[in-house]
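The values are calculated or read from the model by the stated rules, or taken from the named source; none is laboratory data. For clarity, every value in this text was computed on a predicted model and none was experimentally measured. Every residue, glycine as well, gets a Cβ built from its backbone with ideal geometry; the counts of neighbours run over all protein chains shown.
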Protein chains: 2
Amino acid sequence: MNILVTNDDGIDARGIYELVLALREIGNVIVMAPLGEQSAVGHALTVSLPLRVTEFHKNGAFFGFAVSGTPADCVKLALRTFLAERDLPRPDIVVSGINHGRNTAVNIIYSGTVSAATEATVLDVPAIAVSLTSYHLDADFLPAAEFMRRFTPRVAALGIPRGTLLNVNVPALPTDKIEGVAFTKQGASYWEDEFEKRIDPQERPYYWLKGRYVLEDRDPDIDDIAIRERKISITPIHYDLTNYEFLETLRAKWPKDY
Amino acid sequence: MNILVTNDDGIDARGIYELVLALREIGNVIVMAPLGEQSAVGHALTVSLPLRVTEFHKNGAFFGFAVSGTPADCVKLALRTFLAERDLPRPDIVVSGINHGRNTAVNIIYSGTVSAATEATVLDVPAIAVSLTSYHLDADFLPAAEFMRRFTPRVAALGIPRGTLLNVNVPALPTDKIEGVAFTKQGASYWEDEFEKRIDPQERPYYWLKGRYVLEDRDPDIDDIAIRERKISITPIHYDLTNYEFLETLRAKWPKDY
């Protein structure tokens with residue numbers, strides 16, 4: 001199995017390192033990831049600037065290709081141009097992560113980790129986004145990496161519909177404390193956020209985003225609630241954003257002569 | 001009616017100027033838009049840097065607030081902190097645009113224009129994203145602006161469900177050539193894109209994205225096809241990305257003992 005790995009925390013992050021070590025045991029891994037941290041970039045593409053690619057080494061050995069762009073840039077560049085140019089195989093699956101922090105509920109729309117996986121599905125390659133639900137500096141990525149080593153080939157065998165990806169969130173617990181997997185819906189939890197106004201040394205004001213995440217849901221088939229119940233949450237997501245129900249309402253209610 | 005206007009082409013773009021002139025005829029307009037061009041930024045939020053706000057003037061008069069961030073930053077900053085701080089009214093509706101170029105099909109996921117409207121719906125304010133389907137430098141934004149002057153109060157009167165926005169694309173035609181509105185689904189058209197490899201003056205390679213948009217659909221109830229038929233396309237979109245159909249498949253097919 002050929003696996004393309006990327007992330008949004010940057011090619012030097014601990015999460016992608018543990019993921020790559022685990023996936024190398026089950027396949028041929030190619031890494032193409034952002035040079036620096038790219039969190040909360042959403043599905044950004046770099047169009048006004050050129051992209052640079054450099055070879056990135058870790059512990060004295062070649063680790064992967066670092067790109068001066070976003071997670072979506074990495075996947076598009078790999079699949080559209082770079083892999084073919086280097087005679088590297090087209091991947092059977094793209095895995096994005098392991099993100100340092102959860103990507104659930106509304107966080108999905110801001111997530112560079114998820115956007116990289118989405119870009120793969122746009123280009124017809126099955127994809128998984130994987131996140132660890134901890135922001136702690138000393139978070140342990142090993143249980144999530146071990147899960148991905150078992151999960152990735154099973155997903156490849158089951159198949160994912162065109163345009164859909166699996167968004168995986170692993171609770172920050174030792175493997176023996178994790179109580180299995182749950183297939184979930186995207187929840188309605190949200191950020192109660194605001195901007196703190198501060199004054200810089202030149203006496204000019206600036207604003208800095210801060211927030212508190214509010215668990216809105218109760219139902220165990222929701223992403224954040226499954227995680228609270230010590231389960232690995234797996235949500236199938238796609239990029240057809242049409243609200244079909246309201247489309248019918250609009251067609252029925254809107255004046256015909258408009 | 002209080003209207004917050006933003007965009008992704010930047011506060012100095014022609015599209016937002018025509019939109020603001022038109023909407024000032026029907027309500028109290030506050031502009032909070034990016035200082036510079038922010039196309040294809042997706043739903044990016046600025047978290048690692050502070051935001052600056054400056055007052056922006058046009059033709060010798062105050063036009064609005066320029067923000068050193070993304071379209072989603074502008075909306076979040078306005079609704080969470082800035083408007084209240086300045087004793088400005090909370091908007092009844094957010095309008096994002098007029099974008100210079102279409103936001104249909106897969107383009108929606110890369111669009112800063114749409115992401116600004118999405119951010120408004122995350123914060124429970126109804127929203128419309130509006131784009132003109134032309135990339136020409138001398139494109140005429142007036143027909144789209146005139147449409148928004150009529151359409152915005154009707155949307156406010158009809159109401160939009162929580163979490164949903166209307167994504168409007170106006171064909172680049174004179175008003176009398178536009179053949180009404182169509183309520184549409186997000187289409188499956190796509191970019192047949194690649195990266196052109198070039199060599200810089202220092203003999204180092206770089207890659208630059210280029211592409212051709214391929215109309216995939218036929219059905220007149222799809223966004224891009226409605227536009228081809230000279231109609232204004234209106235697609236209700238939301239940010240629940242769950243693929244419910246495949247969720248059922250996963251629950252049925254996945255081994256119980258996993």
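Scanning region B:66-78 for residues that are out of contact with any helix residue (DSSP H, G or I) (no Cβ under 7 Å at 6 or more places or on another chain) and in contact (Cβ under 8 Å) with a residue 40 or more places away in the chain returns B:66, B:77, B:78. Looking at region B:33-68, which of its residues are within 12 Å of chain A (Cβ to nearest Cβ) and either part of a strand (DSSP E or B) or at pLDDT 95 or above (or both)? Across region B:33-68, the qualifying residues are B:51, B:52, B:53, B:54, B:65, B:67, B:68.
Using the structure shown, decide if residue B:18 is out of contact with any strand residue (DSSP E or B) (no Cβ under 6 Å at 6 or more places or on another chain), closer than 24 Å to residue B:138 by Cα, acidic (Asp, Glu) and within 14 Å of another protein chain (Cβ to nearest Cβ). Against the criterion (out of contact with any strand residue (DSSP E or B) (no Cβ under 6 Å at 6 or more places or on another chain), closer than 24 Å to residue B:138 by Cα, acidic (Asp, Glu) and within 14 Å of another protein chain (Cβ to nearest Cβ)), residue B:18 does not qualify. With respect to (1) buried (at least 22 other Cβ atoms within 10 Å of the Cβ); (2) free of Cβ contacts under 8 Å to residues at least 60 places away in the same chain, the lone exception for residue B:159 is condition (1). Going through region B:173-189 one residue at a time, which ones are over 21 Å from residue A:250 (Cα atoms), touching a residue at least 40 places away in the same chain (Cβ under 8 Å) and touching a helix residue (DSSP H, G or I) at 6+ places or on another chain (Cβ under 8 Å)? Result: B:173, B:189.
Only one of A:87, A:12 is more than 12 Å from chain B (Cβ to nearest Cβ), closer than 25 Å to residue A:156 by Cβ and at pLDDT 95 or above. Can you tell me which?
On the way: A:12 fails: closer than 25 Å to residue A:156 by Cβ.
Going through A:87, A:12 in turn, just one is more than 12 Å from chain B (Cβ to nearest Cβ), closer than 25 Å to residue A:156 by Cβ and at pLDDT 95 or above: A:87.
Of all residues in region A:185-201, those satisfying the criterion of being more than 8 Å from chain B (Cβ to nearest Cβ) and crowded, with 20+ Cβ neighbours inside 10 Å are A:187, A:191.
Condition (residue is assigned to a strand (DSSP E or B), at pLDDT 95 or above, more than 17 Å from residue A:9 (Cα to Cα) and facing chain B (nearest Cβ under 10 Å)) applied to region A:93-114: is it met by at least one residue? No; the residues of region A:93-114 include none that is assigned to a strand (DSSP E or B), at pLDDT 95 or above, more than 17 Å from residue A:9 (Cα to Cα) and facing chain B (nearest Cβ under 10 Å).
For beta carbons closer than 6 Å, sequence separation of 6+ or different chains, a first residue in region A:190-212 that is within 16 Å of residue B:86 (Cβ to Cβ) and a second that is loosely packed, with under 10 Cβ neighbours inside 10 Å, the qualifying pairs are A:205/A:199. Of all residues in region B:16-29, those that are in contact with a helix residue (DSSP H, G or I) (Cβ under 7 Å, 6 or more places away or on another chain) and not in a helix (DSSP H, G or I) total 3. What do you reckon, is residue A:248 exposed (fewer than 13 other Cβ atoms within 10 Å of the Cβ), out of contact with any Asp or Glu (no Cβ under 9 Å at 6 or more places or on another chain) and within 29 Å of residue A:122 (Cβ to Cβ)? Judged against the criteria, residue A:248 is a match.
Note on region B:118-139: residues that are surrounded by fewer than 21 Cβ atoms within 10 Å (Cβ to Cβ), of a type in the set (D, E, K, R) and either within 14 Å of another protein chain (Cβ to nearest Cβ) or touching a residue at least 24 places away in the same chain (Cβ under 8 Å) (or both) total 1. Among the residues of region A:222-253, those that are facing chain B (nearest Cβ under 7 Å) and without any contact (Cβ under 8 Å) to a residue 12 or more places away in the chain comprise A:241, A:242, A:243, A:246, A:247, A:250, A:251, A:253. Tallying residues that are more than 21 Å from residue A:17 (Cα to Cα) and part of a loop (DSSP other than H, G, I, E, B) within region A:73-88 yields 2.
If you check residue A:204 against the conditions, is it within 8 Å of chain B (Cβ to nearest Cβ) and closer than 30 Å to residue B:78 by Cα? Talk me through it step by step, then tell me what you get.
Details: within 8 Å of chain B (Cβ to nearest Cβ): yes; closer than 30 Å to residue B:78 by Cα: yes.
Against the criterion (within 8 Å of chain B (Cβ to nearest Cβ) and closer than 30 Å to residue B:78 by Cα), residue A:204 qualifies.
The set of residues in region A:56-71 being surrounded by 19 or more Cβ atoms within 10 Å (Cβ to Cβ) and touching a Gly at 6+ places or on another chain (Cβ under 7 Å) consists of A:70, A:71. Out of B:21, B:88, B:51, B:35, report the one residue that is more than 16 Å from the chain's Cα centre (by Cα), within 23 Å of residue A:111 (Cβ to Cβ) and hydrophobic (A, V, I, L, M, F, W, C). Being more than 16 Å from the chain's Cα centre (by Cα), within 23 Å of residue A:111 (Cβ to Cβ) and hydrophobic (A, V, I, L, M, F, W, C) holds for just one of B:21, B:88, B:51, B:35, which is B:51.
Taking each residue of region B:4-29 that is closer than 16 Å to residue B:117 by Cα and looking for partners that are among the polar types (S, T, N, Q) and modelled with pLDDT under 95 with beta-carbon atoms closer than 7 Å, six or more apart or interchain, yields B:8/B:38; B:8/B:39; B:9/B:39; B:10/B:38. For region A:140-162, a tally of residues being more than 16 Å from residue A:118 (Cα to Cα), touching an Asp or Glu at 6+ places or on another chain (Cβ under 8 Å) and facing chain B (nearest Cβ under 10 Å) returns 0. In region A:207-221, the qualifying residues are those that are more than 10 Å from chain B (Cβ to nearest Cβ) and buried (at least 16 other Cβ atoms within 10 Å of the Cβ), and the one that is farthest from residue A:179 (Cα to Cα) is A:213. Scanning region B:78-131 for residues that are closer than 16 Å to residue B:38 by Cβ and polar (S, T, N, Q) returns B:96, B:99, B:103, B:107, B:111, B:113, B:115, B:118, B:131.
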